[in-house]
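Rule-based calculations on the coordinates, nothing more; no lab input. Predicted model only: the values in this text are computed from it and were never measured. Here the Cβ positions follow ideal geometry from the backbone for every residue, glycine too, while neighbour counts run over all protein chains shown.
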């Protein structure tokens, strides 16, 4: 698999310099895979197959190895997502505290309609996650990089309004 066609490389200019600086902090190029993938996601909003090939070439890895890592970690998006990525914990402790109702409220008030879908205005994508590590503060939600605990159905509209 090679990078071809309309693909615009990620690792050029300042981003290439940033990747090169990252590479100096690791004993092998392979060890820099997660930060390199994060750079792609920051630049594109998701990690398409063509970008996985670019990462593989930059780090002397196979595209299959890179794809295996991308598909393993839930923090990497394999398809376009909304401007704001919302993760709602629905593990048992959170479910006991109303997480399913919180998920339904997010889906309804965002316009997403279903998990994994992006709202018609492109603002939100909502997913369930197994654990955000805050069982004592149900229901925890991660919106982009913002961790919010104690989310209830009544707080959902207010939270969505904070993210244009």
Per-residue Cβ neighbour rank within 10 angstrom, fewest leading, 110, 119: 119, 110
Relative contact order of the stretch 13-72, defined on C-alpha pairs under 8 angstrom at six or more residues apart (%): 26 percent
Tilt relative to the chain, helix 33-44 - C-alpha long axis, 0 to 90 degrees, to 10: 70 degrees
Efficiency of FRET from Cβ geometry, residue 121 and residue 14, R₀ 45 Å, rounded to 0.05: 0.90
Between the stretch 139-164 and the stretch 2-59, the Cα center-to-center distance that results, in Å: 31 Å
Base-10 log of normalised Debye intensity for the stretch 84-161 (one unit scatterer per alpha-carbon) at q = 0.11 Å⁻¹: -0.22
Angle between the chain longest axis and helix 63-72 axis [Cα atoms, degrees, rounded to 10]: 20 degrees
Correct choice for Cα Rg over 2.2 N^0.38 Å that was computed from the model, options (i) 1.17; (ii) 1.03; (iii) 1.36: (i)
Helix-derived mean residue ellipticity, 222 nm - over the chain, DSSP H n ≥ 4, -39500 (n - 2.57), to 500: -12000 deg cm²/dmol
Relative contact order %, the stretch 51-113, counting alpha carbon pairs below 8 Å whose residues are six or more apart: 15 percent
Length-normalised contact order of the chain in % [C-alpha pairs under 8 Å, at least 6 apart]: 18 percent
Residue exposure sequence - 147, 85, 106 - by fewest surrounding Cβ within 10 Å: 147, 85, 106
On Cα atoms only, tilt of 13-23 relative to the major axis of the chain in degrees: 90 degrees
121, 49 arranged by Cβ crowding within 10 Å, fewest neighbours leading: 121, 49
